[in-house]
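Only one structure is covered here, and it is reproduced in the block below.
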Amino acid sequence: MGLLDRGLEIKDPDQVRMMRRAGLVVGETLELLRAEVRAGISTGELDAIAEDSIRSRGATPSFKGYHGFPASICASVNDEVVHGIPGGRVLAEGDVVSIDCGAIVEGWHGDAATTVAVGEVPDEVTHLSEVTRQAMWRGIAAARRGGRVTDISHAIESHVRASGEFGILEDYVGHGIGSAMHLPPNVPNYGRPGRGPRLVEGLALAVEPMVTLGGKETVVLEDDWTVVTSDGSWAAHHEHTFTLTAHGAWVLTALDGGEAELTALGVPFGPLAD
Ligand code: MG
Ligand code: MG
């Protein structure tokens, strides 16, 4: 492992391949959970499915025990943005749930999140989630070797702002990832391009816009984890872990490595050979 540019962790190809293994566990687990989300299931049941999925694939849930977090996923419903603790809450028709998941393989981390509608939700909520998802992909697509971290931030904000009136959280951001879930640098979801550390091959980042139908202000509930919007507006959260190779971006937590979305955005897709 090389350390470069303000202490960033730069992964060699074998380490990136290990992160891909962790990323696939996360991606497959989220796919499983998307299919399980329905009215009548509790967030605690989703968590049990996730833990079983992660462990049955030979990985370890990275969230469980992280600063005392009690579960393998975060499940954040409606006005909850991130860090919701799974439990007895039963999902109802018309809810929207953001599920965040992390897994460790041989010490290497993957981290991703998705927002899922429970049955029919208002059109504005569907739009919110899709804008957030697209902003994440545009952020990843803006990452080029030789560019800067806030090129990602700027692409995310630009897409959200161009799509309507939304709030973008500023108190919670994306991050470097690798031998730990959270590493430098921060990856904000807003701001001017061309700033922050340089983007280099082997740097891995988790890109995760958190967007609301109202304002950007949040509060943490008394459980010391759950982040809710101050104005009660509903929120969406999408996240992927990606790296840059000599060939382009490789989205380690996407089942197809990001090929479809990156190609659609006209960006080189850069998987490593096995
Ligand atoms: Mg996450
Ligand atoms: Mg993350």
Over segment 14-129, what portion of Cα pair distances is larger than 16 Å, expressed as a whole percent? 56
Residues whose built amide H sits under 5 Å from the amide H of Ile10, excluding neighbours closer than 5 in sequence, are Gly2, Leu4
Go ahead and set up a Gaussian network model of the chain, Cα springs under 10 Å, then flag whichever of Met19, Met181, Met210 fluctuates most. Met181
Charges on Cβ only, +1 for Lys and Arg, -1 for Asp and Glu, centred on the Cα centroid of segment 2-264; of Leu91, Ser53, Thr263, which one is farthest towards the dipole's positive end? Thr263
Given the peptides 145-153, 216-224, arrange them by the average over their residues of other C-beta atoms within 10 Å, most packed first. 145-153, 216-224
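In Å², what does the accessible area per residue of the chain work out to with a 1.4 Å probe?
Using a 1.4 Å probe on heavy atoms only, each residue of the chain averages 40 Å².
If R₀ is 25 angstrom, what is the calculated FRET efficiency for the pair Arg57 and His247, using the beta carbon separation as r and rounding to 0.05? Write out the running numbers ahead of the final one.
Values: r = 27 Å, r/R0 = 1.07.
So, using R0 = 25 Å, E works out to roughly 0.40.
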Rounded to the nearest 0.05, what FRET efficiency is calculated for Val90 and Glu222 with R0 set to 25 Å and r the Cβ-Cβ distance? 0.75
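Among rounded, prolate and oblate, which fits the chain when a ≥ b ≥ c are the square roots of the eigenvalues of its C-alpha gyration tensor, a/c under 1.5 means rounded, and a/b larger than b/c means prolate?
Details: a/c = 1.64, a/b = 1.24, b/c = 1.32.
Oblate shape, in that a/c is at least 1.5 and b/c is the bigger or equal ratio.
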Need the C-alpha centroid separation for segment 224-240 versus segment 41-103, integer Å. 14
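Could you work out the relative contact order of the chain, using alpha carbon pairs under 8 angstrom and six or more residues apart, expressed as a whole percent?
Details: 715 pairs, mean separation 57.0, N = 274.
The normalised contact order for the chain reaches 21 percent.
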How far apart, in nm, are the 7 Å Cα→Cβ label points at Ser230 and Glu106? 4.6
Cβ-Cβ cut-off under 9 Å around Thr229, Lys and Arg +1, Asp and Glu -1: the net charge is -3
Hey, rough spin-label estimate for Ala273 and Asp12, points 7 angstrom out along Cα→Cβ, what's it come to in nanometres? 1.8
Determine the share of the chain's accessible area contributed by carbon and sulfur atoms, expressed in whole percent, with a 1.4 angstrom probe. 50
From highest to lowest solvent-accessible area (probe 1.4 Å; ligands, DNA and RNA excluded), Ser72, Ser56 read Ser56, Ser72
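The values are calculated or read from the model by the stated rules, or taken from the named source; none is laboratory data. Only a predicted model underlies this, so the values are computations on that prediction, with no experimental measurement involved. Cβ atoms come from the backbone with ideal geometry, glycine included; neighbour counts cover every protein chain shown. Only protein heavy atoms, including side chains, enter the accessible area calculation; ligands, DNA and RNA are left aside. Shrake-Rupley method; radii C 1.70, N 1.55, O 1.52, S 1.80 Å.
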